[in-house]
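The values are calculated or read from the model by the stated rules, or taken from the named source; none is laboratory data. This structure is a prediction, so every number in the text was calculated from the model and none was measured. Note that each Cβ is placed from the backbone with ideal geometry, even for glycine, and that neighbours are counted across all protein chains shown.
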Amino acid sequence: MTEASAEVPPPGRIRHDVRPRRTLGFALAFGGALLFAVNGSVSKITLQAGVDSLSLVLLRSAGAAVCLLVLVLVTDRTRLRLHKAELPLLLVYGLVGIAMVQWLYFVAIARLPIGVALLLEFTGPVLVALWARFVQKQQLGRSLWLALALALCGLALVAEIWDGLSFDAVGVLAGFGAAISLATYYIAGKHALVKRDTVSLAFWAFLVSAAFWSLAKPWWTVPWDSLSGAVELPGALDQTTVTGWGLIAWVVLLGTVAPFLMVITALRHLAATEAGVAGMVEPVLAGAVAWVWLDETLTVIQVTGSLVVIAGIAVAQRATASTT
C-alpha cells in the first residue's frame, strides 16, 4: 500500500484523527496565494498571445482535471468512487466555487477598474464570516473581525479605488458575484473535505468546471494556432521565448493544480474564515510579482496597503476562533 492510499482508509473517505495544525494551514494558504499571484501575470501574457479568456478557462479546468485524474489513478483509484449524497455539494463546488468565479472576474475587470474588481471579489472572506456567524451561529473572535477589517482596508489602498472609479451596474454585479463564488469555494470546500480526500475532491470539482465550459466554449472554437506559436516573455524575462503550450502548461500545473491542492489542504487545518483571510494576500502578491516581473510600478500608498493586508493576516493567524 502506498503512502497516499494509506491516508484514505475507505474509498473516498478521509481520516478524522489528524490534528489540525494552524501554522501549516496558513503556510499552505500563503503558498497557494503566491502561486495564484504568479499565475495572474502568466495568464495575462497568455491572453495577450491570442488565447481568449473562455478558452483559457476551459483549458485550465480540463488540464487540471486530467492531471488530478492521473494522480488519483497512480495512488488509489478507489478514491474516485462517488456517493449520491455527495453530488449536490460537488456540483455546487465545481460550478459556483470553481467555474463561475473565473468567468465573473473576467466580466468585472472588463467593465470596472481592475483594482475595484479585485476589491469586490475579495469581499468573499467577509461573506464567509457572515455565513459562519448568522447561518451557522458560530461565535467569531474579535481578532478575526479585526483581521477582516484590516485586510479589506489594505486591499482598498492597494487597489487605489478612488483612482478612475466608475460605476457600471453589470460590472459591480459581476464583482459581487465573484465574491459569492469565492465564498462558496471556501465554505463548500470545507464541508466536502469531511467525506472526501483533497485530490479526488479537486478532480471532481475541475471535471464539473471543464464540462460546463465545454458547453459554453466548444472545443473546436479554441484558437489552437495561437498555442503553437512562440511567445516572447516581457519585463525581467524579456530574452526568454516560450510556446503558447508552455504557458498553458504553467497555468495548469503551477497556476491551478498545485495552488488549489495547497489551499484545499489548508482547509483541513484552518476554518474557512481563516483560510479566506489568508487568501486576501493574493492581490498584494500579484502586484508584487507584476512589479518585479512586468515592471509595473507600485506607489507608496499601495506598498502601505500591502503592509496593512499582511498585518490583517498576522492577526488572523493569531486568532483562536474555530469556525467552519
(request) Only residues in segment 297-316 that are in contact (Cβ under 8 Å) with a residue 40 or more places away in the chain and over 9 Å from residue 151 (Cα atoms) count as the first member; pair them with residues that are outside any helix (DSSP H, G or I) and among the aromatic types (Phe, Trp, Tyr), Cβ under 9 angstrom, at least 6 apart or cross-chain, and list the lot. (result) none
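State the number of residues belonging to segment 50-76 that are without any contact (Cβ under 8 Å) to a residue 60 or more places away in the chain and either buried (at least 18 other Cβ atoms within 10 Å of the Cβ) or within 16 Å of the chain's Cα centre (by Cα) (or both). Spell out how you get there, then give the answer.
Quick first cut of segment 50-76, residues without any contact (Cβ under 8 Å) to a residue 60 or more places away in the chain only: 53, 66, 70, 73-74.
When the remaining residues are screened for being either buried (at least 18 other Cβ atoms within 10 Å of the Cβ) or within 16 Å of the chain's Cα centre (by Cα) (or both), the result is 53.
Total meeting the criteria: 1.
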(request) Search segment 31-55 for residues being out of contact with any helix residue (DSSP H, G or I) (no Cβ under 6 Å at 6 or more places or on another chain) and among the hydrophobic types (A, V, I, L, M, F, W, C), and hand back the single one that is farthest from residue 250 (Cα to Cα). (result) 54
(message) Return the residues of segment 265-283 that are at pLDDT 90 or above and crowded, with 24+ Cβ neighbours inside 10 Å; say none if nothing qualifies.
(response) 266, 267
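Mind listing whichever residues of segment 236-252 are polar (S, T, N, Q) and buried (at least 16 other Cβ atoms within 10 Å of the Cβ)? Talk me through it step by step, then tell me what you get.
Here is the first cut: in segment 236-252, the residues polar (S, T, N, Q) are 239-241, 243.
Scanning segment 236-252 gives no hits.
Which members of segment 216-253 meet the condition of being part of a loop (DSSP other than H, G, I, E, B) and either of a type in the set (Gly, Ala, Ser) or over 19 Å from residue 63 (Cβ atoms) (or both)?
Taking segment 216-253 and keeping what is part of a loop (DSSP other than H, G, I, E, B), we get 217-218, 222-223, 229, 233-234, 238-240.
The answer is 229, 233, 234, 238, 239, 240.
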(message) Residues that are among the small types (Gly, Ala, Ser), within 21 Å of residue 105 (Cα to Cα) and modelled with pLDDT of 90 or more: does segment 212-229 have at least one?
(response) yes
